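Before any comments, here is the structure.
The values are calculated or read from the model by the stated rules, or taken from the named source; none is laboratory data. Worth saying up front: this structure is predicted, and the values here are computed from it rather than measured. Every residue, glycine as well, gets a Cβ built from its backbone with ideal geometry; the counts of neighbours run over all protein chains shown. Note: accessible area is taken over every heavy atom of the protein model, side chains too, but ligands, DNA and RNA are not part of it. Shrake-Rupley method; radii C 1.70, N 1.55, O 1.52, S 1.80 Å.
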Amino acid sequence: MDHLNFENQSHCLNCHTPLAGEYCSGCGQKRASRLTFKHLGVLLQSALFDLESPFFRLLFGLLLQPFSTIIGYLNGQRSRFGNPFKFSFILLTVIVLASHLLETSFISSSQLLEQKEQLKWQSEIALYEATHIYRVFILAFLLGLASKLVYRSAPYTMLEYTIGHLLILTLSVLIFSIPLMLEIFSEQLYAILSLLFSALYSIILNYKMAENELAKWKNWGQAILAYAIGSTLFSAMLTFLFGVYSGFTHKI
């Protein structure tokens, strides 16, 4: 294997565009050099504390100005905020791992007992707990579907509504999971507050996405209707899926 000559680079080693300075005009990468331990601090700082990265821009944007951040992304600020699905998956996975390390459950003991009565089987209970947080992806899809059905004439697509609701749901999990893991909240309080927050913010998001299109009273009515349809579909789907799974495992 030929060794690359890092000292005399005539072309970008990332995209092979001819180099005319320290940065590539094609992909923007800085002129590459061999990685040594003196680069380790820079790499770690960039990975962990680069507040200008799309991930942190989206995180801080959601925390400080959730609606303008989401609508800004939907209206074209894609590179600024990165991939919302990747953002939500990474953030939710970090929360799940942290909850396991801290031995925190997101499901109240009464709810878990109810599930034990309904499901009977330990594997079903484990599945119920493991999928609890990741179900926001399903809920976001159904809220997106309901929003587009209600706002048929709106310029936003179903996928754009789905992305907006996914980011709201992810924000809700983040905000209320931290006090839960710190034992400031009980599981019941977490469930109530996160539900109220996500419902309110999802309704407001739908309202703001059509703020200049409809009269206020009609817009609020449609925003509430869209959330009601989406959440009802979500509850019905979960009931059906766990019923099917329960029946299948009991037969086995």
Report the FRET efficiency, 1/(1 + (r/R0)^6), for residue 228 and residue 55, where r is their Cβ-Cβ distance and R0 is 41 Å, rounded to 0.05. 0.80
Given points 7 Å out from each Cα along the Cα-Cβ axis, report the residue 13 to residue 100 separation in nanometres with one decimal. 3.6 nm
Tell me, what HN-Hα J-couplings in whole Hz come from the Karplus equation 6.51 cos²θ - 1.76 cosθ + 1.60 at θ = phi - 60° for each residue of the range 226-234, using x for Gly and Pro? 4, 5, 4, 5, x, 5, 5, 4, 5
Could you work out how much longer the chain between residue 218 and residue 89 gets when fully extended? Use 0.36 nm per residue separation minus the Cα distance between them, nm to one decimal. 43.0 nm
When every protein chain stays in place and a 1.4 Å probe is rolled, 68, 79 sorted by accessible area with the largest first are 79, 68
Once R0 is set to 35 Å, what does the formula 1/(1 + (r/R0)^6) return for the Cβ-Cβ distance between residue 29 and residue 75, expressed as a FRET efficiency to the nearest 0.05? 0.75
Residue-by-residue Karplus 3J(HN,Hα) for the range 74-87, coefficients 6.51, -1.76, 1.60, Hz, glycine and proline x: 5, 8, x, 7, 7, 5, 4, 10, x, 8, x, 5, 4, 4
Mind grabbing the accessible area of residue 232 for me, 1.4 Å probe, Å², rounded to tens? 90 Å²
